[in-house]
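The values are calculated or read from the model by the stated rules, or taken from the named source; none is laboratory data. Source: prediction; values computed, not measured. Heads up, the Cβs are rebuilt from the backbone with ideal geometry, glycines too, and the neighbour counts pull from every protein chain shown.
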Amino acid sequence: MCVREDGGTFVLVKTVSFSLICLVFVGEALGLYYTLEWLSDMQMDNVDFVVDSKTTDDDFHSNKPDASEFGHIISECKRLFTSHFTNSRLEFNMR
């Protein structure tokens, strides 16, 4: 996880490691969850979140119910996002 200012200047970085094997798109969703949790704990707001997973971005912006493990993680991401971040957005940026 990397935080940059508007101009792209580095501000903060954090890594999280976990010892489980999961599908790539589940890992991407977990990365978003941990980022939202980290920045909400620091009471940051006005944040533009950028993900490089189209699947994560699409499902985050979808209203389609998903009872899978991935869907539950995305639901928690949405909950954190709506309860802690105003004037913020999440967007996809291809690497």
In the range 12-60, the residues that are closer than 24 Å to THR82 by Cβ, touching a strand residue (DSSP E or B) at 6+ places or on another chain (Cβ under 7 Å) and among the hydrophobic types (A, V, I, L, M, F, W, C) = LEU12, LEU32, PHE49, VAL50, VAL51, PHE60
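Among the helices (runs of 4 or more DSSP H) lying completely within the chain, list those that include at least 2 residues that are at positive phi and loosely packed, with under 13 Cβ neighbours inside 10 Å.
Working: elements: 24-41, 54-60, 69-84.
Those helices (runs of 4 or more DSSP H) do not exist here; none qualify.
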All conditions in (1) modelled with pLDDT of 95 or more; (2) touching a Phe, Trp or Tyr at 6+ places or on another chain (Cβ under 9 Å) are true of CYS2 except (1)
Test: residue in the range 53-71 that is hydrophobic (A, V, I, L, M, F, W, C) and closer than 21 Å to LEU12 by Cα = no
